[in-house]
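Colleague: Dropping a structure here in structure tokens format, bear with me for questions.
The values are calculated or read from the model by the stated rules, or taken from the named source; none is laboratory data. Since we're looking at a predicted model, the values are computed, not measured. Heads up, the Cβs are rebuilt from the backbone with ideal geometry, glycines too, and the neighbour counts pull from every protein chain shown.
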Amino acid sequence: MRKYLFILFGSILVSSCTQNELEVRVEQGVLEGVLLPGGIHSFKGIPFAQPPVGELRWKAPQAPLEWPGIRKADKFADNAMQKPVFGDMSFRSSGMSEDCLYLNVWVPADAKDKKLPVLVYFYGGGFIAGDGSEGRYDGKSLAEKGIVTVTVNYRLGIFGFFSHPELTKEAPDKASGNYGLLDQQAALVWVKKNIAAFGGNPDKITIAGESAGSISVSAQMASPLSRDLIAGAIGQSGAMIKPTLDAIPLNEAEQHGVEFAQRVKAKSLADLRAIPAEKLLDEASKPGAFNTRATVDGYFLPKLPSQIYAAGEQAKIPLLAGWTSTEIPYMAFMQGQYPSPENYKTKVEQMFGDKAEEVLKLYPGNTQEEVISSATALASDNFIVFSTWKWAELHKNTTSQPTYVYKFAKPRPALRSELGDVTEGLAGGLKEKSEEQKKDTMPAALSGASHASDIEYLLGNLDKNESYKWSKEDYKVSELAEQYIANFIITGNPNGDGLPQWPVSKAGENMNIITIDTVTKAAPLSDRARYIFLNSYYGF
């Protein structure tokens, strides 16, 4: 009997010890996380602000409230209000709600009382979609490399970027419209105050993101509210610099808000705040109803980000930024036209007018092969590559901190399919077509890495996306890419033992760039002439 009691008592002790290891006290109370394989602890669904509902809709995020007892942090909270506009997004969230201001933390094993580097990651999705629960952003892999990893939810679309004269008037700082960006800033403040409880170093916070997340990183670096909270930044395809979702003047955004209120027959802010979240989302999603843009509000953004960087007023921190080799396909530029030299020339003339001749020298299209290559480059540059280049160029020229630039070029493998290889099926079908029919068939897109395809590689999450037939080569590239990212978060320099040398880009010098692929190598950026032209074309 005594032996039985000893075993029982011992098991209680072990259980209690394990329970305590999974408990963390933050300002608002005690959290209880989950133990993952490898000793990683995860804490999901942590509120970093009060729910932005009712009277708090379209207000800056308010400090979170305390909770009694122990709060279970074992599941993702609801994702922000959005439509299912992107087919590559797969959420693990509890549902969808206007009550969405939560973050998730992955903690390395034995992190207690240590001062480990911290990564805070903002999801992409054009500021209209996305969620921190997505598997491709999972923080376990980077936590295994000794990094406390955080993903953050923020308000989207009309919930996160709505301006109106009455909102500006009621706000303490006389600003409106940047609520989604203010959510991110509030999350950074929460992390700064509380991350030491998880073993993180509040003075070693790196922010990162892809697409709209990368645009967010560029904005947070520029904002006087955030620039002193961060020690490093990583941008994957995108900056808040024209032509990529540049901020607009506050009065312009306010006028759009007035027009939207008239559209939904709302006579007051009370009327607008009384609209159910689902109905508001539906109304804002109608064609032409609402355009999601950040604002130069005089508070979060006192000037355009490009002006802030040009003046050297951004966060003076190491920056790692880049883009994919084929962000979007040539079809985006050709707009349904066959990629013949004649059609390409016409499209260039329509878009660039009296600058067309210069464009055709920089993006030649004398053969179909050239057209596909140049139209891909033009589409990608105007979509997101130029803005990312401009961000890195401005930063390296206005700070003594290092700037590292990459191009990710590893194409994803084929999609998994119960029907066999889709590409083979298409090729087989073409064999049965006449020569005339073949002429009407669009050629394949240029091989390369498409927009957002670098996320799983850089964050070490290939295994979280089961849609693709990942090979040993893919995992090898991912291992290399993730190690660069981890090194940068830990030291501010991506280089390390066993990795191809990644040169820093310095002020007054041509930008150095490393191409991450099956064979990874660095060289001076060969496309500089294109970006110098676009720099002039966009009025910089």
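Colleague: Test of understanding: among Ser97, Ser163, Ser90, which residue is of a type in the set (Ser, Thr, Tyr), over 19 Å from the mean Cα position of the chain (by Cα) and surrounded by fewer than 21 Cβ atoms within 10 Å (Cβ to Cβ)? Steps first, please.
Modeller: Values: Ser163 fails: surrounded by fewer than 21 Cβ atoms within 10 Å (Cβ to Cβ); Ser90 fails: over 19 Å from the mean Cα position of the chain (by Cα).
None of the others qualify; the one that does is Ser97.
Colleague: Yes or no: region 234-250 includes at least one residue that is part of a helix (DSSP H, G or I) and within 20 Å of Ile308 (Cβ to Cβ).
Modeller: Here is the first cut: in region 234-250, the ones part of a helix (DSSP H, G or I) are 250.
The next check asks that each one be within 20 Å of Ile308 (Cβ to Cβ); those that pass are 250.
Checked against the condition, which is being part of a helix (DSSP H, G or I) and within 20 Å of Ile308 (Cβ to Cβ), region 234-250 yields at least one hit.
Colleague: Only one residue in Leu304, Leu281 is in contact (Cβ under 8 Å) with a residue 24 or more places away in the chain and under 25 Å from Cys100 (Cα atoms), so which one is that?
Modeller: Working: Leu304 fails: under 25 Å from Cys100 (Cα atoms).
Just a single option satisfies the conditions, and that option is Leu281.
Colleague: I'd like the residue in region 60-83 that is surrounded by fewer than 18 Cβ atoms within 10 Å (Cβ to Cβ) and within 24 Å of Ser176 (Cα to Cα) and, out of all such residues, is farthest from the chain's Cα centre (by Cα).
Modeller: Leu65
Colleague: Based on what the data block shows, is Pro61 touching a helix residue (DSSP H, G or I) at 6+ places or on another chain (Cβ under 6 Å), part of a strand (DSSP E or B) and in contact (Cβ under 8 Å) with a residue 60 or more places away in the chain?
Modeller: Numbers: touching a helix residue (DSSP H, G or I) at 6+ places or on another chain (Cβ under 6 Å): yes; part of a strand (DSSP E or B): no; in contact (Cβ under 8 Å) with a residue 60 or more places away in the chain: yes.
In short, no.
Colleague: Only one of these is over 21 Å from Asn153 (Cβ atoms) and either among the aromatic types (Phe, Trp, Tyr) or touching a residue at least 12 places away in the same chain (Cβ under 8 Å) (or both): Leu269, Leu225, Leu188, Leu245. Name it. Even if it seems obvious, please write down each step before you answer.
Modeller: Details: Leu225 fails: over 21 Å from Asn153 (Cβ atoms); Leu188 fails: over 21 Å from Asn153 (Cβ atoms); Leu245 fails: over 21 Å from Asn153 (Cβ atoms).
Every option except Leu269 fails the conditions.
Colleague: Here is a follow-up. Does region 264-320 hold any residues that are of a type in the set (A, V, I, L, M) and assigned to a helix (DSSP H, G or I), and which are they?
Modeller: Leu269, Ala270, Leu272, Ala274, Ala277, Leu280, Leu281, Ala284, Ile308, Ala310
Colleague: Within 23 Å of Gly213 (Cα to Cα) and under 25 Å from the mean Cα position of the chain (by Cα): does that describe Leu458? Spell out how you get there, then give the answer.
Modeller: Details: within 23 Å of Gly213 (Cα to Cα): yes; under 25 Å from the mean Cα position of the chain (by Cα): yes.
Against the criterion (within 23 Å of Gly213 (Cα to Cα) and under 25 Å from the mean Cα position of the chain (by Cα)), Leu458 qualifies.
Colleague: Taking the criterion of being at pLDDT 95 or above and crowded, with 21+ Cβ neighbours inside 10 Å, would at least one residue in region 413-434 satisfy it? Spell out the reasoning first.
Modeller: So the first thing to find is which residues in region 413-434 are at pLDDT 95 or above, and the list is 413.
Right, trim to crowded, with 21+ Cβ neighbours inside 10 Å and you get none.
No, region 413-434 contains no residue that is at pLDDT 95 or above and crowded, with 21+ Cβ neighbours inside 10 Å.
Colleague: Among the candidates Glu473, Glu466, Glu358, which residue alone is under 22 Å from Arg136 (Cβ atoms) and at pLDDT 95 or above?
Modeller: On the way: Glu466 fails: at pLDDT 95 or above; Glu358 fails: under 22 Å from Arg136 (Cβ atoms).
Criteria check complete, one pass: Glu473.
Colleague: Restricting the search to region 94-118, which residues are within 26 Å of Met81 (Cβ to Cβ) and either at pLDDT 95 or above or among the acidic types (Asp, Glu) (or both)? Spell out how you get there, then give the answer.
Modeller: From region 94-118, those within 26 Å of Met81 (Cβ to Cβ) are 94-106; that's our starting set.
If the condition is that a residue be within 26 Å of Met81 (Cβ to Cβ) and either at pLDDT 95 or above or among the acidic types (Asp, Glu) (or both), then Gly95, Met96, Ser97, Glu98, Asp99, Cys100, Leu101, Tyr102, Leu103, Asn104, Val105, Trp106 are the ones that fit.
Colleague: On the given criteria, is Gly124 on the phi > 0 side of the Ramachandran plot and crowded, with 24+ Cβ neighbours inside 10 Å? Outline the logic, then answer.
Modeller: Working: on the phi > 0 side of the Ramachandran plot: no; crowded, with 24+ Cβ neighbours inside 10 Å: yes.
Taking the combined requirement at face value, the residue does not satisfy it.
Colleague: Being more than 24 Å from the chain's Cα centre (by Cα) and modelled with pLDDT of 95 or more narrows it down to one of Leu22, Leu36, so name that one. Can you show your working first?
Modeller: On the way: Leu22 fails: modelled with pLDDT of 95 or more.
Going through Leu22, Leu36 in turn, just one is more than 24 Å from the chain's Cα centre (by Cα) and modelled with pLDDT of 95 or more: Leu36.
Colleague: Might you let me know whether region 329-347 holds any residue that is touching a strand residue (DSSP E or B) at 6+ places or on another chain (Cβ under 6 Å) and either in a loop (DSSP other than H, G, I, E, B) or surrounded by 22 or more Cβ atoms within 10 Å (Cβ to Cβ) (or both)?
Modeller: For region 329-347, residues touching a strand residue (DSSP E or B) at 6+ places or on another chain (Cβ under 6 Å) and either in a loop (DSSP other than H, G, I, E, B) or surrounded by 22 or more Cβ atoms within 10 Å (Cβ to Cβ) (or both): absent.
Colleague: Check off (1) part of a loop (DSSP other than H, G, I, E, B); (2) closer than 22 Å to Gly54 by Cα; (3) over 16 Å from the mean Cα position of the chain (by Cα) for Lys114 and give me the number that stays unchecked.
Modeller: All conditions pass for Lys114, except number (2).
Colleague: Applying the selection to region 453-486, what residues are of a type in the set (D, E, K, R) and under 15 Å from Pro411 (Cβ atoms)?
Modeller: The first filter runs over region 453-486 and keeps only residues of a type in the set (D, E, K, R), leaving 454, 456, 463-464, 466, 469, 472-474, 476, 479, 482.
Of everything in region 453-486, those that are of a type in the set (D, E, K, R) and under 15 Å from Pro411 (Cβ atoms) turn out to be Asp454, Glu456, Lys469, Glu473, Asp474, Lys476.
Colleague: In addition: Of all residues in region 510-530, count the ones that are touching a Leu at 6+ places or on another chain (Cβ under 8 Å) and within 25 Å of Leu360 (Cβ to Cβ). First the steps, then the outcome.
Modeller: Filtering region 510-530 down to residues touching a Leu at 6+ places or on another chain (Cβ under 8 Å) leaves 510-513, 516, 520, 529-530.
Applying the additional criterion that residues be within 25 Å of Leu360 (Cβ to Cβ) yields 510-511, 513, 529-530.
The total comes to 5.
Colleague: Return the residues of region 350-373 that are touching a residue at least 40 places away in the same chain (Cβ under 8 Å) and of a type in the set (Ser, Thr, Tyr); say none if nothing qualifies. Don't jump to the end; show me each part of the working.
Modeller: In the first step, residues of region 350-373 are kept if they are touching a residue at least 40 places away in the same chain (Cβ under 8 Å); the result is 352, 355, 358-359, 362-363, 368, 371-373.
Tyr363, Ser373, listed by residue number.
Colleague: I would also like to ask the following. Among the listed residues Pro243, Pro249, Pro287, which satisfies the condition of being surrounded by fewer than 19 Cβ atoms within 10 Å (Cβ to Cβ), over 19 Å from Ala186 (Cβ atoms) and touching a strand residue (DSSP E or B) at 6+ places or on another chain (Cβ under 6 Å)? Lay out the reasoning, then the answer.
Modeller: On the way: Pro243 fails: touching a strand residue (DSSP E or B) at 6+ places or on another chain (Cβ under 6 Å); Pro287 fails: touching a strand residue (DSSP E or B) at 6+ places or on another chain (Cβ under 6 Å).
The conditions single out Pro249.
Colleague: While we're on this one: Picking from Leu103, Leu182, which residue would you name as being in contact (Cβ under 8 Å) with a residue 60 or more places away in the chain and assigned to a strand (DSSP E or B)?
Modeller: Working: Leu182 fails: assigned to a strand (DSSP E or B).
Leu103 is the lone residue from the list that is in contact (Cβ under 8 Å) with a residue 60 or more places away in the chain and assigned to a strand (DSSP E or B).
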